[in-house]
Amino acid sequence: MSLQPGVPRGGCRISAVVTAYRFERFIRAAIASIQRQSRPVDEIVVVDNQSDDATPVILAELAAQDARIVLVDVPPRGPAAARNRGLAAARGDIIAMLDGDDAWPADKIARQMARLEAEPVIDMVTGPTSFTDAIDDHTLAPPPGARVETVLQPNIGACLYCRAVFERLGGFDESYRYADDLDLLLRLRDAGIAFDTLPEVALYHRRYPGSLLTTVDPRRSQEFVRAVAASRRRRRERGLPPAEPLLAGGVA
């Protein structure tokens, strides 16, 4: 039975859901950043979109070494579909998500889980994201000299959720390729689900040629506009006031 919003979280299971597609250069570091968490997760669900590079071989090797790793192979239908498939496979009451080319700081789960446990009325915790052009394979953090920009903005990998949040919202909208994370967080806020923002960096997000983050595609801005317009429409229909800046903490 899934953990309901507002219920104390002591002793609950934590699932990390990782999405991977042609990430042979990065997937080891991503998984390692989960394995090194000071508060361990109970399972690591990795969704591979039928990568045609060495990603499946690397994942099989990692799964043989760590019994917590569950491998899910699905056709490449985009990030939102992969995340939904990972959510369906995960068994935890608490969900954290990570793209296979990014990494978590070592205490990300501990800090955010402590906040969820201290405040049962809060059902999602997030924090700033450090965008960087490099993550060291040993420290699993940006090395000296790396270009780093730390900002607070919607990012799935920076969050920790009560699973019932997804059950209430219906998961990720698969019609989005770039704005599925923004859309989810806007729906979370518009539904009145309480969340909090901690000041510490919660995600190291890679910038590199060929990534979705650096892809030039007019659909990106179009999708962001569509997600925001949908949020405004929902708020008008529900008689809600105009929203405060997203992820300022609390419920707008």
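Computed quantities for the displayed model
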| quantity | calculated |
| --- | --- |
| Spans of strands (runs of 3 or more DSSP E) in segment 1-112 with at least 1 residues farther than 22 Å from F195 by Cβ | 14-20, 43-48, 69-73 |
| I156 buried (at least 22 other Cβ atoms within 10 Å of the Cβ) and closer than 22 Å to A227 by Cα | yes |
| In segment 224-243, residue nearest to the chain's Cα centre (by Cα) [restricted to those that are in a loop (DSSP other than H, G, I, E, B) and of a type in the set (A, V, I, L, M, F, W, C)] | A243 |
| T150 in contact with a strand residue (DSSP E or B) (Cβ under 7 Å, 6 or more places away or on another chain), among the hydroxyl-bearing types (S, T, Y) and surrounded by fewer than 20 Cβ atoms within 10 Å (Cβ to Cβ) | yes |
| Pair list, Cβ < 7 Å and 6+ apart or interchain, from segment 177-197 residues that are more than 18 Å from R226 (Cβ to Cβ) to residues that are part of a strand (DSSP E or B) | I193/M124; F195/M124; F195/V125; F195/T126; D196/V125; T197/T126 |
| Members of segment 58-88 found to be in contact (Cβ under 8 Å) with a residue 24 or more places away in the chain and farther than 21 Å from S175 by Cα, listed by number | I58, L59, L62, D66, R68, I69, V70, L71, V72 |
| Selection count where residues are in contact with a helix residue (DSSP H, G or I) (Cβ under 6 Å, 6 or more places away or on another chain), not in a loop (DSSP other than H, G, I, E, B) and not aliphatic (A, V, I, L, M), scope segment 147-195 | 6 |
| Filter result for the condition that a residue is surrounded by 16 or more Cβ atoms within 10 Å (Cβ to Cβ) and touching a helix residue (DSSP H, G or I) at 6+ places or on another chain (Cβ under 6 Å), over L59, L71 | L71 |
| Cross-chain or 6+ apart pairs with Cβ under 6 Å, segment 226-252 first and farther than 21 Å from S175 by Cβ, then of a type outside the set (S, T, Y) and modelled with pLDDT of 90 or more | G249/D196; V251/G192; V251/A194; A252/R189 |
| Pairs, first surrounded by fewer than 18 Cβ atoms within 10 Å (Cβ to Cβ) and in a loop (DSSP other than H, G, I, E, B) in segment 126-139, second modelled with pLDDT under 95 and β-branched (V, I, T), C-beta under 6 Å, six or more apart | none |
| Residue satisfying all of: in segment 100-119; touching a helix residue (DSSP H, G or I) at 6+ places or on another chain (Cβ under 9 Å) and charged (D, E, K, R); nearest to P56 (Cα to Cα) among these | D101 |
| So A96, is it closer than 17 Å to I14 by Cβ and among the small types (G, A, S) | yes |
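The values are calculated or read from the model by the stated rules, or taken from the named source; none is laboratory data. Quick caveat, the model's predicted, so the values are computed rather than measured. A quick note on method: Cβ atoms are made from the backbone with ideal geometry, for glycine too, and the neighbour counts reach across all protein chains shown.
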